[in-house]
Amino acid sequence: MESYETLIATLALTMGASWASGINLYAAMLVLGLAGASGNMELPPGLEVLQNPVVIMAAGFMYFIEFFVDKTPGADTAWDTLHTFIRIPAGALLAAGAVGDVTPALEIAAGIVGGSLSATSHATKAGSRLLINTSPEPFSNWAASISEDLLVLGGLWAALTHPLLFLILLLVFVGIVIYLLPKLWRMVKMIVRKIGEFTGFVDKNEMRRLT
């Protein structure tokens with residue numbers, strides 16, 4: 001029974017860290033680092049670096065910046081675009097570190113799954129933010145950003161305290177994303193096409209062909 005519970009807890013931490021990093025990497029690092037440094041949880045050897053005070057301060061500083069950038073229309077999309085090259089590899093590294101002392105093959109497998117999961121959550125966030133930015137008022141950005149922060153905090157809390165529940169909810173999330181992403185992608189392409197046509201940077205017929 002203990003080995004089963006340990007497996008579930010490890011799996012929840014692995015998936016939770018990578019999923020959260022795709023939404024808000026610095027919040028995920030900060031939560032895990034503070035939890036480890038305060039003694040509220042024992043981080044796996046691969047994640048113990050997160051409880052280093054220097055790492056905690058760096059994550060806190062970057063979260064402070066993201067907190068405001070993420071609530072600014074337009075700037076949030078630019079920030080998400082830049083972090084495509086940061087959140088996904090970080091999600092893979094966090095997942096690989098969360099599995100603990102295992103064989104290299106399992107560590108690589110965890111990194112692949114974790115990277116894919118962080119890419120999924122990142123794409124969902126970035127795509128939905130692009131659609132929200134078509135609205136002229138800023139309140140929807142604030143609501144979305146605050147909701148995402150709470151989602152990361154709540155998700156990591158569930159992963160650490162109720163791992164089985166978190167894994168069930170994660171499966172529901174993945175199912176919803178599989179259903180929504182094609183529709184979200186079509187809407188994003190339509191917006192890109194309209195922006196290209198409006199600015200005149202790309203010929204209308206050429207833009208339609210590309211999208």
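Laboratory data are not the source of any read-out in this text; all were calculated from the coordinates shown. Source: prediction; values computed, not measured. Backbone-built Cβ (ideal geometry, glycine too); neighbour counts: all protein chains shown.
Here is how the numbers come out for the structure above:
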item: Odd one out for residue 36, checked against (1) loosely packed, with under 13 Cβ neighbours inside 10 Å; (2) within 19 Å of residue 12 (Cα to Cα); (3) small (Gly, Ala, Ser); result: (1)
item: All positions within segment 136-165 that are acidic (Asp, Glu) and surrounded by fewer than 16 Cβ atoms within 10 Å (Cβ to Cβ); result: 137
item: Long-range neighbours under 8 Å by Cβ, at least six apart or interchain, first residue in contact (Cβ under 8 Å) with a residue 40 or more places away in the chain within segment 147-175, second surrounded by 13 or more Cβ atoms within 10 Å (Cβ to Cβ) and outside any helix (DSSP H, G or I); result: 148/70; 160/41
item: Test: residue in segment 80-95 that is more than 14 Å from the chain's Cα centre (by Cα) and over 12 Å from residue 24 (Cα atoms); result: no
item: Complete set of residues in segment 39-52 that are surrounded by 12 or more Cβ atoms within 10 Å (Cβ to Cβ) and outside any helix (DSSP H, G or I); result: 41, 43, 44, 52
item: Whichever residue in segment 13-60 is of a type in the set (A, V, I, L, M, F, W, C) and in contact with a Ser or Thr (Cβ under 6 Å, 6 or more places away or on another chain) and, among such residues, is nearest to residue 167 (Cα to Cα); result: 19
item: Meets criteria (of a type in the set (D, E, K, R), under 14 Å from residue 160 (Cα atoms) and in a helix (DSSP H, G or I)) for residue 66; result: no
item: Flag for residue 55 being buried (at least 20 other Cβ atoms within 10 Å of the Cβ) and over 18 Å from the mean Cα position of the chain (by Cα); result: no
item: Search result, residues across segment 81-132 that are surrounded by 15 or more Cβ atoms within 10 Å (Cβ to Cβ), not hydrophobic (A, V, I, L, M, F, W, C) and not in a helix (DSSP H, G or I); result: 83, 100
item: Complete set of residues in segment 11-59 that are touching a helix residue (DSSP H, G or I) at 6+ places or on another chain (Cβ under 7 Å) and among the polar types (S, T, N, Q); result: 14, 18, 21, 24, 51
